[in-house]
Amino acid sequence: MQANIEQTILRNLLTDEKYMRKVLPFIKPDYFQGVYKTLFREVGKYVAKYNKLPSSESLSIELQDANMSQDQFTMAMEIVPQLFTIEKIDQEWLLNNTEKWCQDRAIYNSIMESISIIDGKHDSLTKNALPELLQKALGVAFDTNIGHDYIENAEERYDFYHKEEDRIPFDLDYFNKITKGGVARKTFNIALAGTGVGKSLFMCHVAASSLVEGRNVLYITMEMAEERIAERIDANLLNVPIDQLDSMSKDMFTEKVNNLARKTTGRLIVKEYPTGSAHAGHFRALLNELKLKKQFEPDVIFVDYLNICASSRMKAMGGAINSYTYIKAIAEELRGLAVEFDLPIFSATQTTRSGYSNSDVGLEDTSESFGLPATADLMFALISTEELQKDGQMMVKQLKNRYNDPTQHKRFVIGVDRSKMRLYDVEETQQNLMDDTPVFDKTNSGERLSQEKFGDFKL
């Protein structure tokens, strides 16, 4: 089978210029074995030099100068005529199988190289390079799009403007208003809040509502145990106060879960990692494993939370790294994961100590990395004051918004039922915080940081 696919790829490289232009940049000689490696290398050298495909005669002549044994040369000359036979083949199938073959060969080569490193037989690499080697292999993929031609692709661009985008909607009106119907694919969305304000509550609620909408949800936790996250989602979806879940009978609990299962086609997976140990590379491996073992592909991912993730890039570099660079790297890697898997990712970050005591949180209150807003597509603060708590409410303040004008509905309030881990819409008459005037908690003695200090910051 190996020889068959290698021969198929080589034959189409030599007879189909369009296919050759698409895939040649992504194929490495080491993906081939034996004489096929030499054949591919000579084809690549010829294309690079003359910018066109070799003929059967020219390839045969080039092979005479190739570094190979007489037996290999004889075999190559026997194969060459077969490579120039034109066979009609489905292009989509060919591209998909070429990509899969490249991925399989990259992983195999990475494993073999890893074994040589572990055995101490590698000339230059150490065990520290293993995660990066495997990550690169797992990330092998074709990108056959060479860009958007403004004039030629005008019609496609018009169709895009009028295309109804697949989004993950909220069950909260104002969040749908500020995102024009929900978060889009390939986006990174961040909630900013102090300890205990409601970061996990917000993400658990949105995860629960996405499940009800029939979406597949992956919830990654590094702060709480899997069971604790599931407990919060149980309280939300089963409409039972969290402190009463343990008093429910098994029959009643099972009946409620079964009723929920009949109402949705979605699935929810909760995965726990130790604090600070997991990064985007681990999440990528998890996604591949879930697809393989459970036939599960998420529509949306929640990472709880950003500040206690690790960075694959920074970890590989080693040495002392400042927190700004580290947290920004984590955010960039998570956004890259969202793009790679064509889905939205939600995460959260802590406020600074000054931000925790403020009732009007701003970008300057982003803990550890002021660079996060540049990476996020949507970033908002969750604000709680004693007055809001008494009313069973929480304030939301937009900090960054690529979906819509962030000055529209800059601030709004949502209802909070902490016993059932639920958020809900409040009456329109209660939306009295729509302007951009800072709102202070009268019970709070802490002073607001000067907004002029960061007045020059541009989103």
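For the stretch 41-75, a residue qualifies if it is in a helix (DSSP H, G or I), under 44 Å from the mean Cα position of the chain (by Cα) and surrounded by 12 or more Cβ atoms within 10 Å (Cβ to Cβ), and the qualifying residues are ARG41, GLU42, VAL43, GLY44, LYS45, TYR46, VAL47, LEU59. Among the residues of the stretch 242-261, none qualifies, meaning not one is in the same structural domain as ALA348 (by TED's automatic domain parsing), surrounded by fewer than 19 Cβ atoms within 10 Å (Cβ to Cβ), in contact with a Ser or Thr (Cβ under 9 Å, 6 or more places away or on another chain) and under 14 Å from ALA208 (Cα atoms).
Out of all the residues in the stretch 327-353, which are of a type in the set (S, T, N, Q) and over 15 Å from ASP377 (Cβ atoms)?
Restricting attention to the stretch 327-353, the residues satisfying the condition of being of a type in the set (S, T, N, Q) are 347, 349-352.
Hits for the stretch 327-353 are GLN350, THR351, THR352.
Restricting the first member to the stretch 330-342 and to residues that are within 15 Å of VAL303 (Cα to Cα), and the second to residues that are among the β-branched types (Val, Ile, Thr) and surrounded by 17 or more Cβ atoms within 10 Å (Cβ to Cβ), the beta-carbon pairs closer than 7 Å and six or more apart or on different chains are ALA331/THR375; GLU332/THR375; LEU334/VAL303; LEU334/ILE345; ARG335/THR375; LEU337/ILE345; ALA338/THR187; ALA338/ILE345. Among the residues of the stretch 368-402, write down those that are crowded, with 20+ Cβ neighbours inside 10 Å and of a type in the set (Ser, Thr, Tyr). If the condition is that a residue be crowded, with 20+ Cβ neighbours inside 10 Å and of a type in the set (Ser, Thr, Tyr), then SER369, THR375, THR385 are the ones that fit. Filtered by the rule that a residue be aromatic (Phe, Trp, Tyr) and in contact (Cβ under 8 Å) with a residue 12 or more places away in the chain, the stretch 148-174 gives PHE170, TYR174.
Restricted to the stretch 122-208, the set of helices (runs of 4 or more DSSP H) holding at least 3 residues that are within 20 Å of PHE341 (Cα to Cα) and modelled with pLDDT under 90 comprises 130-138.
Here's the yes/no breakdown for (1) surrounded by 14 or more Cβ atoms within 10 Å (Cβ to Cβ); (2) modelled with pLDDT under 85; (3) not polar (S, T, N, Q):
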position: LYS271; (1), (2), (3): yes, no, yes
position: GLU289; (1), (2), (3): no, no, yes
position: ILE301; (1), (2), (3): yes, no, yes
position: SER311; (1), (2), (3): yes, yes, no
position: LEU337; (1), (2), (3): yes, no, yes
position: ASP342; (1), (2), (3): no, no, yes
position: THR351; (1), (2), (3): yes, yes, no
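For the stretch 82-119: of the residues being among the aromatic types (Phe, Trp, Tyr) and surrounded by fewer than 17 Cβ atoms within 10 Å (Cβ to Cβ), which is farthest from LEU39 (Cα to Cα)? Across the stretch 82-119, the extreme among qualifying residues is TRP93.
The values are calculated or read from the model by the stated rules, or taken from the named source; none is laboratory data. None of the values given here were measured: they were computed from a predicted structure. Note: ideal-geometry Cβ built from the backbone for every residue, glycine included; neighbour counts use all protein chains shown.
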